[in-house]
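The values are calculated or read from the model by the stated rules, or taken from the named source; none is laboratory data. Computed from a predicted structure; not experimentally measured. Backbone-built Cβ (ideal geometry, glycine too); neighbour counts: all protein chains shown.
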Amino acid sequence: MYQLAKFFLFKLNPEKAHHLTFSLIKNRFVLRIIGALYNKQHASLKRTVFGIEFKNPVGLAAGLDKDAVAFNEFGKMGFGFVEIGTLTPKPQSGNPPPRLFRLIKNEALINRMGFNNQGVISATQRLRQRHDDTLIIGGNIGKNKITPNERAVDDYVFCFNELYDVVDYFVVNVSSPNTPNLRALQDKEPLTVLLNTLQKLNESKRKPKPILLKIAPDLTDTQLDDIIEIVKYTNIAGVIATNTTISREGLNYKQTDIEKIGAGGLSGKPLTERSTQVIRYLKQKSGNAFPVIGVGGIHSAEDALEKLEAGADLIQLYTGFIYEGPKLIKEINERLIK
């Protein structure tokens with residue numbers, strides 16, 4: 001079913017295909033069929049991670065449902081959790097198009113969306129309409145492009161406060177390559193300040209919620225060591241590994257074709273091995289000190305198992321979901337049941 005839809009969707013501009021897909025899954029009849037075909041749940045799939053019970057370990061990564069307009073629909077497809085965002089305090093249009101590109105030969109995407117979203121307040125209103133209490137929602141937060149790094153903490157605090165009542169966990173995104181200078185916030189000193197500030201605010205709440213850090217796959221081992229130290233020092237709940245990469249290695253395209261696309265984060269199959277390496281490194285080097293959500297290049301049940309065997313406590317899909325469709329969720333969950 002999805003392969004037929006994909007045949008037509010992939011003939012469209014990627015952003016137009018995205019909006020059309022959202023329109024389709026909003027149709028109750030279409031969603032009912034998808035749910036009947038692919039939503040696979042079983043008691044053995046349940047996982048409790050950072051104090052939260054997930055009905056299954058397969059989640060939707062941030063970036064697909066930026067504005068929390070289809071999280072209910074994605075839950076009915078079979079995802080155990082959905083991460084919305086990245087959200088910023090003020091609405092912003094993101095980078096000018098074209099800004100999303102398919103690399104079909106590599107089953108990959110390059111995007112330079114630039115945190116395009118309608119703003120955190122708008123998303124919060126929609127998140128109050130959650131249909132299924134067992135569907136876990138994560139809130140991925142960032143800063144506005146116009147906010148200088150010296151004031152970035154204010155943007156993250158604003159988003160945290162706005163989303164606190166409507167999400168189950170938070171993700172601090174400082175690893176997108178598409179907002180100028182954002183990745184500088186991954187440096188040890190500014191990152192420690194940011195996470196400390198959020199964690200203190202979190203601990204002042206009646207019921208603190210897990211805060212996770214999403215990191216880039218392009219970090220060196222020394223930088224990963226710093227991440228481990230910072231996570232332990234700030235006592236945040238864990239890490240999401242990994243975001244998109246700025247690397248262009250191993251692509252089956254001419255260098256000139258890649259250069260024409262320009263800047264952006266690469267996701268999909270070319271990221272499979274590196275993201276798994278980062279997961280394994282974090283788990284082994286930290287002594288399994290904190291949970292890790294694995295994301296990056298999961299296009300099959302085998303890819304998912306590889307992430308879990310490397311130490312991931314949960315996994316997330318993005319590009320693999322675009323290429324394989326909701327059957328990928330079912331295939332992973334069925335393999336885990338077996």
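Couple of notes before you dig in:
- In segment 254-270, residue nearest to Ile298 (Cα to Cα) [restricted to those that are assigned to a strand (DSSP E or B) and among the small types (Gly, Ala, Ser)]: Gly268
- Subset of segment 273-314 (residues that are free of Cβ contacts under 8 Å to residues at least 40 places away in the same chain, over 19 Å from Ile228 (Cβ atoms) and small (Gly, Ala, Ser)): Gly297, Ser300, Ala301
- Gly264 modelled with pLDDT of 95 or more, surrounded by 14 or more Cβ atoms within 10 Å (Cβ to Cβ) and within 21 Å of Asp313 (Cα to Cα): no
- Single condition Thr276 does not satisfy, out of (1) part of a helix (DSSP H, G or I); (2) touching a Ser or Thr at 6+ places or on another chain (Cβ under 7 Å); (3) of a type in the set (S, T, N, Q): (2)
- Answer from Leu100, Leu109 - the residue that is crowded, with 20+ Cβ neighbours inside 10 Å and touching a residue at least 40 places away in the same chain (Cβ under 8 Å): Leu109
- Residue check for Ser247: of a type outside the set (Val, Ile, Thr), under 30 Å from Gly80 (Cα atoms) and either surrounded by fewer than 19 Cβ atoms within 10 Å (Cβ to Cβ) or at pLDDT 95 or above (or both): no
- Per this entry, Lys143 is counted among residues that are in a loop (DSSP other than H, G, I, E, B), surrounded by 20 or more Cβ atoms within 10 Å (Cβ to Cβ) and either of a type in the set (Phe, Trp, Tyr) or touching a residue at least 40 places away in the same chain (Cβ under 8 Å) (or both).
- Residues located in segment 202-226, provided they are within 21 Å of Leu266 (Cβ to Cβ) and among the hydrophobic types (A, V, I, L, M, F, W, C): Leu213, Ile215, Ala216, Leu219, Leu224
- For segment 284-299, the criterion of a residue being more than 16 Å from the chain's Cα centre (by Cα) and crowded, with 21+ Cβ neighbours inside 10 Å is satisfied by no position.
- A count restricted to segment 164-222 and to residues that are over 14 Å from Gly238 (Cβ atoms), in a helix (DSSP H, G or I) and of a type outside the set (A, V, I, L, M, F, W, C) stands at 12.
- Residue within segment 173-191 that is crowded, with 22+ Cβ neighbours inside 10 Å and small (Gly, Ala, Ser) present: yes
- Note on segment 83-93: residues that are in a loop (DSSP other than H, G, I, E, B) and either crowded, with 19+ Cβ neighbours inside 10 Å or modelled with pLDDT under 95 (or both) amount to 2.
- Thr134, sole failed condition from (1) in contact with a helix residue (DSSP H, G or I) (Cβ under 9 Å, 6 or more places away or on another chain); (2) assigned to a loop (DSSP other than H, G, I, E, B); (3) buried (at least 19 other Cβ atoms within 10 Å of the Cβ): (3)
- Qualifying residue in segment 195-216 (condition: surrounded by 19 or more Cβ atoms within 10 Å (Cβ to Cβ), of a type in the set (S, T, N, Q) and farther than 23 Å from Arg112 by Cβ): yes
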